[in-house]
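FYI, it's all coordinate maths here, none of it is from the lab. The shown structure was predicted, so the numbers you read here are calculated from the model rather than taken from an experiment. Counting neighbours? That spans all protein chains shown, and the Cβs are built from the backbone with ideal geometry, glycine included.
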Amino acid sequence: MRRTLIVGNWKMNGDRAALAELGGIATAAAACPAIDVAICPPATLIAAATGSGIAIGGQDCHAAARGAHTGCLSAGMLVEAGAALCIVGHSERRCDQHETDADVRAKAIAAMAAGMIAIVCVGETEAERDAGDAVAVVAAQIDGSVPDDATPDALVVAYEPVWAIGTGRVPSIADVAEMHGAIRTRLSAKLGAAAAGGVRILYGGSMNGANAAALLAVADVDGGLVGGASLTAAAFVPIIEAAQAVG
């Protein structure tokens with residue numbers, strides 16, 4: 001059985017005062033023992049957020065363990081700060097920092113080698129979906145971004161329709177079901193059916209308290225990668241509670 005995982009990505013939001021929100025989130029997580037909950041705050045807050053009662057992760061890492069990479073953080077540095085998981089290949093980094101599948105794969109390998117769970121993000125743009133290429137685009141990203149020897153205890157895949165992130169737009173339930181099923185099939189071809197069957201696939205595109213239950217009830221949706229709705233306990237807790245209700 002794959003345990004449901006709800007991950008909050010704070011992106012470039014939050015300061016030390018924002019860590020007060022973790023108390024309410026941790027209380028809700030403790031009341032929903034069947035659900036795994038994590039928050040990925042800005043790197044400056046990782047150390048301060050540890051000990052909050054929920055798992056803490058990073059939003060990115062460098063592929064190298066050390067070196068002349070000004071402004072970057074290695075996976076080992078994140079672990080030392082208290083991170084247990086790390087997002088790699090988020091669409092905003094693929095777009096803004098021009099990260100390729102090869103870049104994402106190298107970062108995932110580094111995160112896993114450091115002992116973290118790598119959350120590998122994949123997803124299509126609006127133009128790619130409108131052209132009928134969504135499944136092919138995501139399949140190619142999986143082939144290029146997911147390490148060949150990834151195991152279910154070290155890999156999570158997050159599907160984020162790029163056009164739905166932060167826009168309030170959400171794909172139809174049928175669209176989500178089709179894509180998550182396609183991702184599972186592609187993972188099976190790459191990792192083997194046994195391994196792929198244990199990999200959790202998160203939905204990441206404007207999930208909130210109002211739509212979480214419907215999205216989490218879809219086959220092969222094993223949780224959510226939540227952006228804006230994870231910044232406050234008031235907005236994030238209903239998603240956790242929806243996940244618990246769906247089971």
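A few remarks follow.
- Each Lys and Arg adds +1 at its Cβ and each Asp and Glu adds -1 at its Cβ; summed about the Cα centre, region 42-227 shows a dipole of about 400 debye.
- Cα gyration tensor, region 1-74 - rounded (a/c under 1.5), prolate or oblate: oblate
- Contact order relative to length of region 21-92, as percent, for alpha carbon pairs under 8 angstrom and 6 or more apart: 29
- Each label was represented as a point 7 Å from its Cα along the Cα-to-Cβ direction; for ALA245 and THR232 these points are 2.0 nm apart.
- For the peptides 134-141, 17-24, the ranking by packing is 134-141, 17-24, with the highest mean count of neighbouring Cβ atoms within 10 Å listed first.
- Spatially, region 1-62 and region 63-102 are offset by 18 Å when compared through their Cα centroids.
- Burial ordering of HIS62, HIS69, HIS90, fewest other beta-carbon atoms within 10 Å first: HIS69, HIS62, HIS90
- Dividing the mean sequence gap of close Cα pairs (under 8 Å, 6+ apart) by how many residues region 1-123 holds gives a relative contact order of 22 percent.
- Pairwise FRET efficiency - ARG169 versus ASP15, Cβ, R0 = 25 Å, nearest 0.05: 0.30
- Considering only alpha-carbon pairs that sit under 8 angstrom and 6 or more positions apart, the relative contact order computed for the chain is 22 percent.
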